[in-house]
Structure formats: structure tokens, C-alpha cells
């Protein structure tokens, strides 16, 4: 990042000199074992509460959404964190813009805003009651303004920054400001004039894209260099629906939040805006001899760790209580696989209950629900390889003291802090090969080959019908393949003060272990003198991305460790007959080392319904009619047996409308 841009950022708000940084600051993300949400930490009460929970990184103790605080005045709260080896986090929105915020005059706000194809400001999420709009990702003056509050927080001493809505949180009606139109012209010029050697006034602009170069309102200079996409949409009658199927420039413009590199103007604009943001913040930190950890809400490139929000869809209720019968293991695993695909390497993936325009976690569940959710699903996230940020304090009345969940958070945080080695450097094993003696409990099987260790993470998924509290199961017996000579087996749980030795026995070549008591979560640790993980060949998760756009790539080759970083990610939307222009449903080339299966989880179905169709080597393997019309998708994943060897698997849909995949897993695929 060049120094002049940092100087520009400093000039935007007249920043003061850098604050001294405590020697105890933590910047190594690999050492973080527990994340906690503490919004905001600005006084002694909030500081004492945050310090009462074991944590190495505080999420959003400072956060600028609308009005900014005097961060230098608040900086006294950072020193106690650094003295305890805690990274203090800041944060800011890269999207929301209010009239008059932080002293901005009306002219400046108007300059910063993005607009719709009519050239008018579009209220955030189409909701005029929200009271704010979105800034223009293509406008560096706006980005500099938004980033200035991150610069101020770095100067006050924060160690990390939570960047919210780095994609601008656009709908299809946004991004059409003057800077956005200029970016689109540049995209078309590079792609066709430079890439395919079209001229600025090439006849193909009209034949392929219906751009009337002779219309001075659309192209004042009679060439693509002056093309006005807003006027083009207005004259064709697509201004109210810029992604109209008849719009030949729809795919060139793309869809908001498109993460496919080089696929569309929107994907390029998003990528350039994110790079501008992270480069500016890192350059400023470096200029002060600092390092700042950056994360952006959602799964992204160019970050130090990932942030994945959780919403109502993982808070189901039954009989007025939290429904704990569901497992979300495939959801966590798919997010982790997607992160690896985007980053090309492993970085921590932190899940948290997002606020949005409210606090779904807080509003949907009572105190018992909060405690049960964390006792069951926070360990599930850890077992999958991620992190859960425990909600100690947040907006909309979230205070762990008021619902009695603070003790639960402390217990869980202490457990994961002390037993961090069990959740690092693990590989997936095939939990389908672990047989539980009763329906209900689920297992995540992991291994640490270098330690000759098998880890079986068990979850009850059982509750008491009258209170919704988690139920305790007794004498739960597991059977699984023998992987070597067992040296010892113990069970650990946040609900037990100490580990408990477990006797093992061999029956018909299978290891048999009985856990005396299982309430919420326990992990069975089995250490071996010699260890061969191959009898429990790992499952492989295929990352997905839900994009309302036609995929550029249809065929994907899956290696033993999953999808390559160079590949486009398969689209979670499997289109049916209603949107043929969006359909390019995926095929997978696989090579199973032995008999296995493709496991499909369906997350949602259009109201008109859909038909899941799976073909193996061109032959129908399964067909599932999906009703839609508000009916829930199948709760149980669909398993399709796959013989050993190389095969081509196609996933299709000739039903009325779309279905959306939640997860794709190749069971027994890993080596």
C-alpha cells in the first residue's frame, strides 16, 4: 500500500498522534482459544464484565455504526486487556450512512451515497424506516471517510478490527452512482476492447448488448467510453428490475456480493473495495510500528480470521422451547471449507449471533434457550474446527448477567481455553462409522495423527419437554473401527470437573466404549501406541456459495482434500424450469478409494417446489420431489451410495423452481 493513501486518510479527519501501545498486546491469531462478544467496553462495569470471562480476543468492544465516540478518551480500557494478554477489538460499518452523522453536511452525504438506476438514493434494504442509506463502494472519498474511524481506533490502541458489510450490503437496486457507472464502463472496456479487441464503437455493442451508440443520452460520445448504464436501463424498461432476464448486460454487471473473481463488474468492484480497505488499515498500522488483525463480516478473502454470522434459521423452536434435535455440523464444516477455498489456507473461522436490525438470538429464546444453545452448539462449532464468540454483552439488551447465562459462558470458555489442544491440528474422520446405541445423539469424529489420537465429539440433542432444558443420557455405548493399540481412553465434558477414564473392549474387530453420562456434550479422547486412521477414511465437504447468478463453471474435480483454491465454488442454488437463464447446475468428477456416498442437505425450496435429481455416470440415482409452499425441506440429509472408482455425479432440478443446498459431503472419500 502506497504511503500517499494513508496520508489522505489521515487528512480526512485530522487525526491526533498515535497512542502508546502496551507491550502485552496480542496479535497472533493462532494463539486465540476463546472469542467473546463485548459490545461496548467503555466504562468500569463493562470492563469488569468482559474481564470476568476467559478470552484472548474481544469482539467489538468498540464499534462505530452511526455516531463515533472519542476513542482516545476511551483508550484507558485497553491497558487492562493487554496486561492480561487479551486482544482488544474495534469495528466499523463500511456500508451504513445517515444524514448528518458525525457532522457530515447534506452535500457530502449525497456525494457518498450510492443510488438506484433512477439516480435516486435507495433506502437500506429497501426499508425507508431504516433511516439510512448505503455508501458507494466505488467512491474512494466515501471509503476514506468510513475507514477514518478504523484509523482512529488503531491510533487509540485496538489490536483487531471487525469490518461490517464490506460488500456495501447492496441489493440489486444499488451501485448505480456515477462512480459505479464509471467502473462498469472501465470493466466493459477492459473485457471487450482490450480482451476481445472490440473498438469503442464496435457494431457488436448493439448486436450483442443492445447498446445504441447513436443515442446521445446513452452514449454522449457515440462510444462505449461514455456509456450511461442508468439511462440504458431506463430506456429499456429495466430500471425497476436491473437483473431482468431480458437484460443482456445483467451478467456483465453481476450480482451484489459476488465473490467470483473476474466474473462480473460487481465482483470486481467488491474485490477492489475490500483490498482498498484492508490495505489502507494495514499500511496505517505499519506506519505506527503496529500490526492489526482484520476480519470482515461474512466469509472473505484478504482477512486474518473469518466472521460468520448466525441468524434465526439456527434457532428453531418446538413447544415454545429451543428445538435441540437438529445438528448443524454440516453448516459449520461447509463454512470452514468455503473459507479455505477463498483464502487458499487455514485461518480461524469465528461464528457469532449477529445483530442486524435486532438480536435474533436474544429475542427468539429465553434464558434456558440461550444456555442450551451454547452448551450444545458452541461445542459443535469447536468440534468442527471453528470458534464460537460467546455473547457476554451486546446491543438490544444482550447482557449475559440478566438471563443467567454468564455462568454457562464462563464454564464453556474455561473448558475450551484449557483443552485447546484437542481442537487444533485435527483432520476429519468418517463419523458414519461410529455407531451409537440409540437414536438422537450425534458424533463428530476427528483425529490428530501425529499424536496417534482419535477424538469422538458426542452431542445429546435431547431435551426435557416441560422446560426445554437439556436431558442427560446414561450409559451411551459407541462402536467404531479399531485403529491401533489403545493406550488410554478418557471422556471430558464442560459438565464434569475432571476427565474420566473409560474402559475399552474389542468385539468382532470393533472398539466398544460406554460413556456413563452424557449431558449436552462430551469428547472421548482415545490415545494409541500405534495408529492407522485409514479404516475411518475422512469425509470431504464441498464448499458452496449461494449466488443469484448463472455459474460460470459447471464441472468440478474433487481431490482427496476437497475443492481446489483455483476453482469457482458450486452454486448452492440448483435452478429449475422457472429461471433457465440462471441454470448451469453442477457436475462433480470424483474418485472414491472404496464404496462411499454423496450426502446432500437441502436448506430451502422455492414456494413453487422443486425436484432434486442426482445422476451417477449419466444414470438416475435418486429423485426427490420437494413441495415448497412453506413446507420445510427434508430434515434428514439424502445419502446416495457411490461405488469405488472414478465417477461423474450430476445434481439437477427439472422441477418448477429452485432449491438451495445446505451442504454437500463425500462420505468415505478422504485418504
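Consider the candidate values (i) 38.3, 115; (ii) 26.4, 84; (iii) 27.3, 92; state which one is Rg and Dmax of the Cα atoms in Å computed from the structure displayed. Recomputing Rg and Dmax of the Cα atoms in Å here picks out (ii). If both residues of a DSSP beta bridge must be in segment 271-407, then about 35% of such bridges are antiparallel. With both residues required to sit in the chain, DSSP beta bridges show an antiparallel share near 75%. Annotation: the residues 260, 479, sorted from fewest to most other C-beta atoms within 10 Å of their own C-beta, follow the order 479, 260. Over segment 425-534, Cα pairs under 8 Å with separation of 6+ residues give a relative contact order of 31 percent. Computed from Cα positions, the angle between helix 178-188 and the longest principal axis of the chain comes to roughly 80 degrees. For the pair residue 417 and residue 201 in one chain, pulling the backbone fully straight at 0.36 nm per residue adds 71.4 nm over the alpha carbon distance. Taking 30 Å as R0, compute the FRET efficiency from the Cβ-Cβ separation of residue 99 and residue 182 and round it to 0.05. For R0 = 30 Å, the calculated efficiency reads 0.75. Under the simplified labelling scheme, the residue 527-residue 42 pair shows an inter-label distance of 4.9 nm, with each label point 7 Å from Cα along Cα→Cβ.
Relative to the longest principal axis of the C-alpha atoms of the chain, give the angle of the C-alpha long axis of helix 406-418, reported between 0 and 90° and rounded to the nearest 10°. On a 0 to 90 degree scale, this one is about 80.
Exposure proxy shown here: for 499, 597, the number of other Cβ atoms within 10 Å sets the order, fewest to most, as 499, 597.
Please determine, in degrees from 0 to 90 and to the nearest 10, the orientation of helix 265-287 with respect to the longest principal axis defined by the Cα atoms of the chain, where the helix direction is its Cα long axis. On a 0 to 90 degree scale, this one is about 80.
Could you let me know the centre-to-centre spacing of segment 487-538 and segment 232-248, using Cα atoms, in angstrom? Cα centroid of segment 487-538 versus Cα centroid of segment 232-248: 60 Å apart. Here the relative contact order of the chain, from alpha carbon pairs under 8 Å that lie six or more residues apart, stands at 10 percent.
Since every read-out is calculated from the coordinates, none of them should be taken as a lab result. Treat the numbers as computed from the prediction; the structure is a model and nothing was measured. Glycine also receives a Cβ, built like all others from the backbone with ideal geometry; neighbour counts cover every protein chain displayed.
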